[in-house]
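Notes to accompany the following structure.
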Amino acid sequence: MQFTFATASKILFATGAAQRIPELAGNLGSRPCLVTGANPKRAQWLVDGLTQTLCEPLVMPVSGEPDTEGAAEAAKAAREAGCDVVIGLGGGSVMDTAKVVAALITNTDDIYEYLEVVGKGNPLDKHPVPLITAPTTSGTGSEVTANGVLLSREHGVKVSLRSTEMIADMAVVDPQLAASMPPHVTAATGMDALTQLMEAFVTHKSTPMTDALCREGLMRAATSLPLAFEDGEDMSAREDMALASLLSGICLANAKLGAVHGFAAPIGGRSHAPHGAVCAALLPHVMEANLRALRERDPDSPSLHAYREVAVMLTADVTCEAEDGAAWVRELCEAMAIPTLGELGVKRDDFALLADQAAKASSMQGNPVELIRDELIGILEAAC
């Protein structure tokens with residue numbers, strides 16, 4: 001047995017914990033850069049707190065899908081302003097941008113020197129400036145992941161800048177920040193967390209550490225995602241989903257993902273559909289395709305046993321089969337009105353290209369079985 005495990009230096013999980021961000025930032029730096037969502041006025045409480053504790057922050061709003069050009073420009077502005085601590089307050093796109101900004105403040109080569117897939121993938125030369133992440137959704141787990149996902153508009157695909165040095169110095173998880181999410185956002189982000197937990201659990205690169213965290217997260221998500229969808233003010237369900245999301249980020253950073261996320265990068269690059277909704281539309285069909293391929297080509301695979309354990313955790317039925325887990329996910333997607341890929345703007349004419357791009361995606365390396373091109377196209381057909 002041999003594995004490595006890395007996560008944030010410190011995680012603060014509590015309702016109301018976000019109020020401590022100015023104090024925590026003051027322990028890490030003196031000139032803050034605050035990355036927010038498209039409407040920075042929603043973060044005015046934090047701007048005021050940082051101004052009172054340190055100084056007025058450089059505020060960087062992220063509108064829509066963050067791209068390589070915008071992230072590089074934001075990092076340059078933060079560097080020129082002398083920022084020495086970065087705070088990402090928002091969803092996955094905001095926190096991913098914050099991670100990239102923190103990394104590029106000190107690593108000043110062209111961004112494509114560091115990017116995977118479309119760039120050279122070179123390692124960072126210098127450690128990023130200190131970083132605090134605070135999620136306002138419960139799904140991506142980006143507060144504790146080791147990569148920042150960006151859209152390369154030139155190549156029409158989402159890619160990562162990745163390094164374990166990019167993991168936040170401090171992750172502040174306050175379930176209250178996600179309480180205002182509308183049901184459709186709760187559904188999409190929650191399905192992203194569920195997908196990440198499941199893919200990290202069935203991957204051939206899982207470890208005893210990630211397995212334990214995946215089990216905890218899967219059981220909480222299975223119970224509380226439907227409850228949070230039905231009642232956004234259910235703080236017990238919100239706490240469970242905040243924890244499930246956090247655990248999913250820890251697990252994906254230490255184990256690989258799979259075909260769902262392998263598809264999500266090229267689909268997101270072409271359709272700009274919400275990442276969580278794409279994952280949700282794909283998940284039951286990827287599960288079914290993986291199970292068929294495993295039974296046909298690798299019937300002794302430990303991943304088959306992992307899929308059955310997933311089914312038991314989702315259904316709470318110890319007599320169920322692995323395929324019952326996929327059926328449970330399909331029914332949950334229907335109950336939460338998750339759109340199909342077609343409704344998300346994915347075109348059938350793009351299936352072949354998307355399958356080819358997905359096969360090359362870094363996330364696909366963790367899929368429990370290698371899927372052939374026809375199987376990949378079959379997943380897209382079923383999900384549309």
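If I ask for residues that are open to solvent by 30 Å² or more (accessible area, probe 1.4 Å) and either assigned to a helix (DSSP H, G or I) or hydrophobic (A, V, I, L, M, F, W, C) (or both), which ones from region 297-312 would you list? Even if it seems obvious, please write down each step before you answer.
Filtering region 297-312 down to residues open to solvent by 30 Å² or more (accessible area, probe 1.4 Å) leaves 297-300, 302, 305, 308-309, 312.
Scanning region 297-312 gives 297, 302, 305, 308, 309, 312.
Rundown of residues vs (1) charged (D, E, K, R); (2) buried (at least 23 other Cβ atoms within 10 Å of the Cβ); (3) farther than 22 Å from residue 344 by Cβ, yes/no style:
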residue	(1), (2), (3)
199	yes, yes, no
207	no, no, yes
222	no, no, yes
227	no, no, yes
236	no, no, yes
245	no, yes, no
255	no, yes, yes
260	no, yes, no
272	no, no, no
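Checking the conditions here, which among 280, 273, 265, 289 is part of a loop (DSSP other than H, G, I, E, B) and small (Gly, Ala, Ser)? Exactly one residue qualifies, and that residue is 273.
Could you please find all residues in region 316-330 being more than 17 Å from residue 195 (Cβ to Cβ), assigned to a helix (DSSP H, G or I) and open to solvent by 70 Å² or more (accessible area, probe 1.4 Å)?
The answer is 323, and nothing else.
All but one of (1) modelled with pLDDT under 95; (2) of a type outside the set (Phe, Trp, Tyr); (3) in contact with a His (Cβ under 8 Å, 6 or more places away or on another chain) hold for residue 382; which doesn't? Tallying (1) modelled with pLDDT under 95; (2) of a type outside the set (Phe, Trp, Tyr); (3) in contact with a His (Cβ under 8 Å, 6 or more places away or on another chain), residue 382 fails exactly one: (1).
Is at least one residue of region 250-271 at pLDDT below 95 and more than 25 Å from residue 371 (Cα to Cα)? So far as region 250-271 goes, no, none of its residues is at pLDDT below 95 and more than 25 Å from residue 371 (Cα to Cα). Total residues in region 12-40 satisfying the condition of being more than 16 Å from residue 99 (Cα to Cα) and aliphatic (A, V, I, L, M): the figure is 7. Scanning region 331-374 for residues that are part of a helix (DSSP H, G or I), open to solvent by 40 Å² or more (accessible area, probe 1.4 Å), in contact (Cβ under 8 Å) with a residue 12 or more places away in the chain and not hydrophobic (A, V, I, L, M, F, W, C) yields 348, 356, 357, 360, 365, 373. Among the residues in region 74-83, are any of a type outside the set (Val, Ile, Thr), out of contact with any helix residue (DSSP H, G or I) (no Cβ under 8 Å at 6 or more places or on another chain) and closer than 23 Å to residue 144 by Cβ? No, region 74-83 has no match at all. Elements of the type strands (runs of 3 or more DSSP E) sitting completely within region 142-193 and holding at least 3 residues that are open to solvent by less than 20 Å² (accessible area, probe 1.4 Å) and modelled with pLDDT of 95 or more: these cover 170-173.
The values are calculated or read from the model by the stated rules, or taken from the named source; none is laboratory data. None of these values were measured; they are calculated from a predicted model. Cβ coordinates were reconstructed from backbone atoms using ideal geometry, including for glycine residues, and neighbour counts include every protein chain displayed. These area figures cover heavy atoms from the full protein model, side chains too; ligands, DNA and RNA do not enter into them. Shrake-Rupley method; radii C 1.70, N 1.55, O 1.52, S 1.80 Å.
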